[in-house]
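The values are calculated or read from the model by the stated rules, or taken from the named source; none is laboratory data. These numbers were taken from a predicted model, which means no experiment stands behind them. Positions of Cβ are backbone-derived with ideal geometry, glycine not excepted, and every protein chain shown enters the neighbour counts. We work out accessible area using only protein heavy atoms, side chains counted, and drop any ligands, DNA or RNA first. Shrake-Rupley method; radii C 1.70, N 1.55, O 1.52, S 1.80 Å.
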Amino acid sequence: AYGIDRKALVAATVGKFSDQASVLGNHLLVTNQPGYENNGSAYDAQNTAKAEQLLQSIGCTKGSDGYYSLNGKELAFTIETTQQNPLRDQTVQTIAAQLKPVGIKITEDADADIFAGTDKPHSLVSEGFQIALFAWEGGPAISSNSSIYQSPALGQGQNYSQGGTAQIDAALKKMTTATDTAGEIAGANAADKLLWDQMYTYPLYQKPVMVAYSSNIQGFQQNPTNAGPLWNSADLSVAN
């Protein structure tokens, strides 16, 4: 986390097609949402010296190739992500370039089976991956994303990272059971601060939804769900 320059990552990826793209400093709230707090500000800037200090403090040694090893095993990690997604390819490539000076090796596995079942060893549900890169969508219902951070022991979420604590669960419960928006926001930010401390998951950037349309297309309607930008695309008519 200290070795990644998220501002430079935005500039190299989503920032190329939208000036609304930004570093994301919250696991549960997006930047343009009421109550958003950047609880990850300690990681806004790359800190290579801090990253290397942490590695050395646990006994890592740097080899002649510039990469660290721990107990004879090189700090080399594979990032699993979806196939045929140039944005995610560029994201992984940028992260790999940023972490090389830190002494951590990153490679990409564009995995066709990332969303497959437990029969695929590196799928999300199998939890056999080292690092996984994928996206989630924010929305008005703050509580809708609580399941991805609930402790696996609760048996009711989608927490592929296998992280979680009783304290995080308690904050998420306050968020999901709040009777007003202020209570939801307070619970979300309380959980988010604990998630940053745990660092099982690492928000990178916020990519705005972009919808392109032509003036000769009629019947366009925004999608009120998170299934995609259009819900009535099959019914669109083209003007003569």
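Could you go through segment 13-29 and let me know if any residue there is without any contact (Cβ under 8 Å) to a residue 12 or more places away in the chain, open to solvent by 30 Å² or more (accessible area, probe 1.4 Å) and of a type in the set (D, E, K, R).
yes
Which of the residues belonging to segment 1-22 are among the polar types (S, T, N, Q) and farther than 23 Å from TRP196 by Cβ?
SER18, GLN20
Out of SER69, SER64, which single residue is hydroxyl-bearing (Ser, Thr, Tyr) and more than 30 Å from PRO121 (Cβ to Cβ)?
SER64
Residues that are in a strand (DSSP E or B) and either more than 20 Å from HIS27 (Cα to Cα) or not β-branched (Val, Ile, Thr) (or both): does segment 122-129 have at least one?
So far as segment 122-129 goes, no, none of its residues is in a strand (DSSP E or B) and either more than 20 Å from HIS27 (Cα to Cα) or not β-branched (Val, Ile, Thr) (or both).
Condition (residue is of a type in the set (Asp, Glu), modelled with pLDDT of 90 or more and outside any loop (DSSP other than H, G, I, E, B)) applied to segment 100-108: is it met by at least one residue?
yes
Scan segment 41-82 for residues that are more than 30 Å from THR31 (Cα to Cα), in a loop (DSSP other than H, G, I, E, B) and open to solvent by 40 Å² or more (accessible area, probe 1.4 Å) and jot them down.
Answer for segment 41-82, where residues must be more than 30 Å from THR31 (Cα to Cα), in a loop (DSSP other than H, G, I, E, B) and open to solvent by 40 Å² or more (accessible area, probe 1.4 Å): ILE58, GLY59, SER64, ASP65, ASN71, GLY72.
Has segment 25-46 got at least one residue that is more than 15 Å from the chain's Cα centre (by Cα) and farther than 30 Å from GLY183 by Cα?
yes
So GLN221 fits all but one of (1) in contact with a Ser or Thr (Cβ under 8 Å, 6 or more places away or on another chain); (2) at pLDDT below 80; (3) open to solvent by 50 Å² or more (accessible area, probe 1.4 Å); what number is the exception?
It fails just one condition, (1).
Could you tell me whether GLY103 is open to solvent by less than 50 Å² (accessible area, probe 1.4 Å) and at positive phi?
Spelling it out, GLY103 is indeed open to solvent by less than 50 Å² (accessible area, probe 1.4 Å) and at positive phi.
So in segment 134-177, with the set limited to residues that are open to solvent by less than 70 Å² (accessible area, probe 1.4 Å) and in contact (Cβ under 8 Å) with a residue 60 or more places away in the chain, which one is farthest from TRP196 (Cα to Cα)?
Among residues in segment 134-177 that are open to solvent by less than 70 Å² (accessible area, probe 1.4 Å) and in contact (Cβ under 8 Å) with a residue 60 or more places away in the chain, the one farthest from TRP196 (Cα to Cα) is GLY139.
Is it the case, given these coordinates, that ALA96 is open to solvent by 20 Å² or more (accessible area, probe 1.4 Å), hydrophobic (A, V, I, L, M, F, W, C), closer than 21 Å to VAL14 by Cα and not in a strand (DSSP E or B)?
yes
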